Amino acid sequence: MARLLYSATMSLDGYIAGPGGDMSWLAEHLGGENPTADRLLASVGALLVGNTTFGGDDPNRGTDREGAFGGAYQGPVFVLTHRPPADPPEGVTFVGGLHEGVARAEDAAGDTYVNVLGADVAKQCIEAELLDEVLVFIAPVLLGDGVPLFRRPGGTQIRLTPMPGEAAHWYSVVY
């Protein structure tokens, strides 16, 4: 059965995008050897993406590395939105609700990961108790403002447990 994993690269001060969704800061921190990222990519069977993330900034826009995982991901993509385009891109399915999106992405992923992209979708998955794991890559930069990795008004805590034998910032979600 597929597992839902929220993965993101975050600045040291906790932002996954700069002000206005700017991702240009990330370009200089991508590339190079990263065995954890390589293993993750090999384990992802589907993406579940928020519409803002899907239509947002890409630090590799206009290059051969444009797209998820620096253009290396080639599988099914499910985008959550209530306003699907009339002519969706090939390989992208637009879905109107979280539970439908999760179910369709899990079916597509089989026994691999559904990688959640976008802070809002990750928050929705946590609130619905659907998210299984969180993996954070930390870039050596301070952005000072932007889109946080996770925001929950009221500050209700979500417990995380380190995954045995995994990267230092790979956690299981505890409900």
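The values are calculated or read from the model by the stated rules, or taken from the named source; none is laboratory data. Given the structure is predicted, the values throughout are model-derived calculations rather than measurements. Virtual Cβ from ideal backbone geometry, glycine too; neighbours counted across all protein chains shown.
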Subject >> Number of positions in segment 4-24 that are of a type outside the set (A, V, I, L, M, F, W, C) and surrounded by 16 or more Cβ atoms within 10 Å (Cβ to Cβ) >> reply: 8
**OP:** Take the residues in segment 25-52 that are hydroxyl-bearing (S, T, Y) and either more than 17 Å from the chain's Cα centre (by Cα) or within 25 Å of G101 (Cα to Cα) (or both), then tell me which one is surrounded by the most Cβ atoms within 10 Å (Cβ to Cβ).
**Re:** T52
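Residue-wise test of (1) modelled with pLDDT under 95; (2) surrounded by fewer than 16 Cβ atoms within 10 Å (Cβ to Cβ).
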{"residue": "E129", "(1), (2)": "no, yes"}
{"residue": "L143", "(1), (2)": "no, no"}
{"residue": "T156", "(1), (2)": "yes, yes"}
{"residue": "T161", "(1), (2)": "no, yes"}
{"residue": "E166", "(1), (2)": "yes, yes"}
Original post:
Which pairs have Cβ atoms under 6 Å, sit 6 or more apart or on different chains, and link a residue in segment 17-35 that is modelled with pLDDT under 85 to one that is in a helix (DSSP H, G or I)?
Top reply: L30/G70
Subject >> Hey, R104 surrounded by fewer than 16 Cβ atoms within 10 Å (Cβ to Cβ), of a type in the set (K, R) and over 13 Å from the mean Cα position of the chain (by Cα) or not >> reply: no
Original post:
Among L47, L80, which is out of contact with any Asp or Glu (no Cβ under 8 Å at 6 or more places or on another chain), closer than 23 Å to S11 by Cβ and modelled with pLDDT of 90 or more?
Top reply: L47
**OP:** Please enumerate the residues belonging to segment 156-175 that are in a loop (DSSP other than H, G, I, E, B) and charged (D, E, K, R).
**Re:** E166
**OP:** Note down all Cβ pairs under 7 Å where the first residue falls in segment 123-136 and is of a type outside the set (D, E, K, R), the second is part of a loop (DSSP other than H, G, I, E, B), and they're at least six residues apart or on different chains.
**Re:** C125/L131; I126/I158; L135/A167; L135/H169; V136/L149; V136/H169
Subject >> Cross-chain or 6+ apart pairs with Cβ under 9 Å, segment 148-175 first and over 22 Å from P35 (Cβ atoms), then of a type in the set (F, W, Y) and loosely packed, with under 15 Cβ neighbours inside 10 Å >> reply: I158/Y175; R159/Y175
Subject >> strands (runs of 3 or more DSSP E) contained entirely in segment 11-123, each with at least 3 residues that are touching a Phe, Trp or Tyr at 6+ places or on another chain (Cβ under 9 Å) and not hydroxyl-bearing (S, T, Y) >> reply: 44-50, 77-80, 92-95, 113-117
